[in-house]
Amino acid sequence: MSLVPAFFHHLSEVLYQVLECVGVNPWVVERRRHTFLNSEAAWDVVFHQAGHDMTTFHFGSQSEGTTTPGLQSDTDTLFTHNKVNIMYSWADWKQGKLNYLMVREDDTPPQHYLLQWIRPDIPEPVTHTHHPAFVTDSQGRMFLSNMANTRRAAEVMGDQHMRHGPSNSWSEDFDYVNAFHCNTLHPEIMSWFTRMQHGFWPSRETLQAARMCPCFLVPDGYNGSPTEQIEWRITPNLIERLLMFSLSMVPIKCLVVLKMLKKQEFVKYIQCVNNCKFTTFHLKTALFFTLHRTQATLWTKCRLIECIVSCLQTILEFLDLGECPHFIVEGVNLFNGKLCRECQLHMKKVIQGMIQDDMHVLFHLQSDDLGQRLMTLPHEVRPYPSDDVNAGICGKLARDMFLQFLRDVRVVCSRLCHSEEADVYTSLNNEINMMESLTMNPRTTQYHMNYIKFIMKSLMSVKASVTSSSCIQYDQPLPRDIWQLYGESLSTDAASSKLKLASMHFCQGDLRRAASVLNEVEFDLDDSVQPVCVCGRIPYNDTLSKAFCEYTVQNYSHDKLTKKLAFCVRFPRDEKFCAPRFLWCEMYRAVGDDVDHRTDNERTWMDWAEVDAKPFLLYLQYLTYHRLGVRHRQLEALYGLVDIVTSDKLDQMYHPETVLNLYGHCCELEGDVLRALHCYNTSLRNKPRNNAANFHNQRLELMLNNYN
């Protein structure tokens, strides 16, 4: 840029601040990366427990922290199969492994390989098979098709199945890729390290770390190639992620603005022509090249607009040449199969117009109201971490991370609790022991440990409750080690494990201990505690607590977050003697063909009693103080339930029909049968099928008929 408009300096400062206010700042970037690295570790442990030797990686905007709520970026997940051995040469063959030899012909497109099937017992090719995943060429070689996973995904997902390049998905928000990892870096990637020896970026430390990153083969053939169906594209995703993680905030903000421009300005025309696409990866490539070519002095806060223009000029160079080179892999044109020449020329005009107009287009950007914010941002703004947008992002990330953890706990519990009753205790022990063994694995990272500790605490809670239930059922004393199990499980969240302990005390008849635990939970359940459930339902009012969101900005460790989350309380049938008898009906809620009307999520928990933490606290307090004869505390709990069921708080519940049922039971105990009947009828209007209110309703109607 030869001539920089005078106002660019001030506008850069304002734009920098505006981007911080919409979630592009160190706090949120760190939170996004932390969340998705934890998610990767969780997937790894789940696969290990299921006996699958697989590793998970998240790539793209969400995991890099280069997005905003307005950009609505999807989540890209790559699963790599570790039992597969990819051979670059015959020397890489491994006995007993599923071996594939990377093959390139004279006409094989750049960045692509064919995978020839090699025998596991001796280093020789497989010469015949009837397996549909393999294709035989004219020389009798067996090559792995890149469509095998797509066919399986289509069978599983049915009409919801979508394919985007190498990925499969049932939603626009998620993309999944099954890939193979390469243990050695290949020549077309190794040459990149030589090319990067000059320039301020990437740093020497980053390049050294990049040498340790494996590459992946993804099932994606070259568009129009005669062997497209059996081609696999080599991709250095981990190196690219490492490069993104090495960036300071200025290039990250620069990329986010480029994405906003792409979403609003670049694609108005091109996606309607020849199915063309200008992707986020094109923008990232332009950023990488610009960073490498320019001086460090450009990438400062007061020159942000110049950075954006420099990246646009790099894109113009690519458009002039008709070629967008891959930053790492040599000989690749990223425009091929993506952007035809007509669209390239159109984009060139659009970008030239932006630059010639001194980037006034920034004032018209609609994503996250960026343009409006640029024009109205006051001179004095409060510190951005406390802004509602940033707090909301941090809160959602925190909740989503634990939602994944909870889903995995539910899957494990569902599997164990649907086994033979005599095997549940043994199965729980085996599961906990397997988790403990993972903590000793030298490859276990802190992210794995976060997840493993959470799962172990959750399983200990189930084990304690299953053991106690059996003892209460047969009127046996509780074993001494039960208190250690309960003690270790209480920190899973702010309420659910403690409520299960209180419920056990109540069912055992130890009412004073039950009341003591309930008082502790009541103290902890303030406005900053966020209810969370994995039942698959979304409450009518799914707004995150403002106090919870603000808390997550500064407190993001697992130990601190668990103090501000309240999971729904869950009692599988194996724990029913630790639950109030009225809740047993929730475990047998199906009437007639109700089971056939359950969603996939509901099938995993509807044979259990499950209820939101706050109303269960109040219900258990009502029962406990009723038996203790402390009427004023009993009424306080009752009025708390009344406040929930008669206000919009019921719209925030994951299990509103169960909340109404619990309140109905309290009304029965108060002698108000008509009000109880009204509660059960309201519950049935909310959820006609798979609702225990069917039993309560019939029971009360029969009682009223006999009375009359």
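Summary of computed values
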read-out	value
Inter-probe distance in nm under a simple model that places probes 7 Å from Cα toward Cβ, at Asp651 and Tyr588	3.7 nm
Tensor-based shape of segment 381-528 (alpha-carbon gyration tensor, a/c under 1.5 rounded, otherwise prolate or oblate)	oblate
³J(HN,Hα), Karplus 6.51/-1.76/1.60, whole Hz, each residue of segment 516-522, x for Gly, Pro	5, 5, 5, 4, 5, 5, 4
Segment 82-220: C-alpha gyration tensor shape, a/c 1.5 cut-off, then a/b vs b/c	oblate
The chain - percent relative contact order, Cα under 8 Å, separation 6 or more	11 percent
Label-point gap, in nm, between Tyr639 and Arg152 - each point 7 angstrom along Cα→Cβ	6.0 nm
Built amide H within the under 5 Å cut-off of Thr55, gap 5+	Thr80, Asn82
Residue-normalised accessible area of segment 459-546, given per residue in Å² at a 1.4 Å probe	46 Å²
Counting DSSP beta bridges with both ends in the chain, the antiparallel % (nearest 5)	70 percent
MRE, 222 nm, helices only [DSSP H, n ≥ 4, -39500 (n - 2.57), over the chain, to nearest 500]	-15500 deg cm²/dmol
Relative contact order of segment 186-239, pairs being alpha-carbon contacts under 8 Å that are 6 or more residues apart, as %	31 percent
Net dipole in debye of the chain [+1 Lys, Arg Cβ; -1 Asp, Glu Cβ; about Cα centre; nearest 20]	640 debye
Note, ³J(HN,Hα) from phi for segment 327-334, Karplus 6.51, -1.76, 1.60, rounded to Hz, x at Gly and Pro	5, 10, 8, 6, x, 10, 10, 6
Pairwise label distance in nanometres, Asp596 with Asp388, each label 7 Å out on the Cα-Cβ vector	4.8 nm
Cα-Cα separations in the chain greater than 50 Å, expressed as whole percent	26 percent
³J(HN,Hα) computed for each position of segment 282-294 - Karplus, 6.51 cos²θ - 1.76 cosθ + 1.60, integer Hz, glycine/proline x	4, 5, 4, 4, 4, 4, 4, 5, 5, 4, 5, 8, 9
Peptides ranked, highest mean first, by Cβ atoms within 10 Å: ranges 399-412, 581-594	399-412, 581-594
Viscosity 1.002 mPa s, temperature 20 °C, Stokes-Einstein D of segment 454-590 from Kirkwood C-alpha radius, µm²/s	135 µm²/s
Aspartates and glutamates with Cα under 15 Å of Lys94, excluding same-chain neighbours fewer than 8 positions away	Asp121, Glu124
Selection from Ser468, Asn333, Thr206, by position along the positive dipole direction of the chain (Cβ)	Thr206
Cβ-based charge dipole, the chain, positive-most Cα from His346, Asn697, Asn450	Asn450
Reachable lysines, given that their alpha-carbon falls under 22 Å from the alpha-carbon of Lys564 and they are not under 8 places away in the same chain	Lys396, Lys453, Lys457, Lys498, Lys500, Lys546, Lys614, Lys649
Acute angle (nearest 10 degrees) that the helix 388-417 long axis makes with the longest principal axis of the chain, alpha-carbon atoms	60 degrees
The chain, accessible surface, carbon-and-sulfur percent (1.4 angstrom probe)	52 percent
Net charge, Met102 excluded, C-beta distance under 14 Å - Lys, Arg +1, Asp, Glu -1	-1
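The values are calculated or read from the model by the stated rules, or taken from the named source; none is laboratory data. Remember, predicted model here, so these are calculated numbers, not experimental data. Heads up, the Cβs are rebuilt from the backbone with ideal geometry, glycines too, and the neighbour counts pull from every protein chain shown. These accessible areas exclude ligands, DNA and RNA; they are computed on the full protein's heavy atoms, side chains included. Shrake-Rupley method; radii C 1.70, N 1.55, O 1.52, S 1.80 Å.
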